[in-house]
Amino acid sequence: MTEPDTTIFSPSTTISSSEEAYEAIRRAILDGTLRPGERIVEQRLARMLAVSRTPVREALHKLERENLVARSGRGMAVQTFSPDEVRDIYDLRAHLESYAARRAADRITEHEIAELRAVQEQLAAKVARDVSDDVEWLREPARLNHQFHLLVVRAARSGSLERTVGSVGQTPLIYKAYLWYGDDEKRRSGSGHETLIDLLAAGDGAGAEATWRAHIEFGRDVLIERLLAQRSRADAGF
């Protein structure tokens, strides 16, 4: 496990309470800046956020209760989940979000179609730039990908469905498949987004459902493959 880099928080981040420290650390976990298994040292975080250790300690306790961090030796680390746990969550996502895509095909507006196209264009531009040593670049494609998925769910016009998708769990937010993609997988993901937009614009609910299910299952399979490979390397002592 590696210690967090001092660049994970924006230079403009100003923290004055444990709640703000909680939001800053939680955001770093959920946007992929702090990766699963990454070591979190209380004193280091306090220095990075320019606060005492008390608000950081309180924030970490709250994140521990939410199962986003776990104790690791003398400090804490971003929570990890087994490949089986990740598979279960992604399977549930595939069911819910593909159903949302089917509903959205009958309800989506031209404005929402335009929003989806705009987000996908931004995502494609970020991926084409591919500055992998830029901290902002590392988090932005995953954020845009997540935004695209949320827009599809919202276009389904079901508050109950949107809340259910949001309550499935935070595992997919920690384990963003997009952060584990190589170039070919990013291209395939982008193609899936573009296909879905066309199907939604055409009102093809069955096609949208099948495409979106396959898209999420592809992300699941890539992520699990990477997690298993990571575990094998760890078991081998690499």
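No value in this document is a laboratory result; all are computed from the given coordinates. Because the structure is predicted, anything quoted here is derived from the model rather than measured. In this analysis, Cβ positions are derived from the backbone assuming ideal geometry, glycine residues included, and neighbour counts consider all displayed protein chains.
Extension gain for A234 to E185 (0.36 nm times residue separation, less C-alpha to C-alpha distance): 15.2 nm. The order of R233, R57, R220, going from fewest to most other C-beta atoms within 10 Å of their C-beta, is R233, R57, R220.
Averaging 1/r over every pair of different alpha carbons in region 18-78 and inverting the result gives a Kirkwood radius of 11.1 Å.
Working from label points 7 Å from Cα in the Cα-to-Cβ sense, the R157 to A128 distance is 3.5 nm.
Ordered by the count of other Cβ atoms within 10 Å of each Cβ, fewest first, Y175, Y181 give Y181, Y175. Within the straight-line cut-off of under 17 Å between alpha carbons, the lysines reachable from K126 are K176, K186, sequence neighbours fewer than 8 places apart in one chain being disregarded. If only the Cβ of Lys and Arg carry +1 and only the Cβ of Asp and Glu carry -1, the dipole of the chain around its Cα centre is close to 660 debye.
Where does the charge balance sit around H111 when Lys and Arg score +1, Asp and Glu -1, over other residues with C-beta under 15 Å from its C-beta?
Net local charge, H111 excluded: +1.
Taking a span of 30 Å or more along the helix axis (Cα atoms) and a mean Kyte-Doolittle hydropathy of at least 1.6 as the rule, no DSSP H helix of the chain qualifies. Model label sites at D84 and E217, defined 7 Å from Cα along the beta-carbon direction, differ in position by 2.2 nm. Computed per residue of the chain from DSSP H runs no shorter than four, each worth -39500 (n - 2.57), the mean residue ellipticity at 222 nm is -22500 deg cm²/dmol. Between E42 and L150, the contour length at 0.36 nm per residue exceeds the alpha carbon distance by 35.6 nm.
If the only charges are +1 at each Lys and Arg Cβ and -1 at each Asp and Glu Cβ, what is the size of the charge dipole of region 18-78 around the Cα centre, to the nearest 20 debye? Can you show the working numbers first?
Numbers: 12 positive and 9 negative charges, 62 e Å.
With Lys and Arg at +1 and Asp and Glu at -1, about 300 debye.
Note on E19 and E194: the extension gain reaches 59.1 nm, defined as 0.36 nm multiplied by sequence separation minus the Cα-Cα distance. Each label point was placed 7 Å from the Cα along the Cα-to-Cβ direction; for R117 and A202 their separation is 1.6 nm. Relative to the globular-protein estimate of 2.2 N^0.38 Å, the Cα radius of gyration of the chain stands at 1.06.
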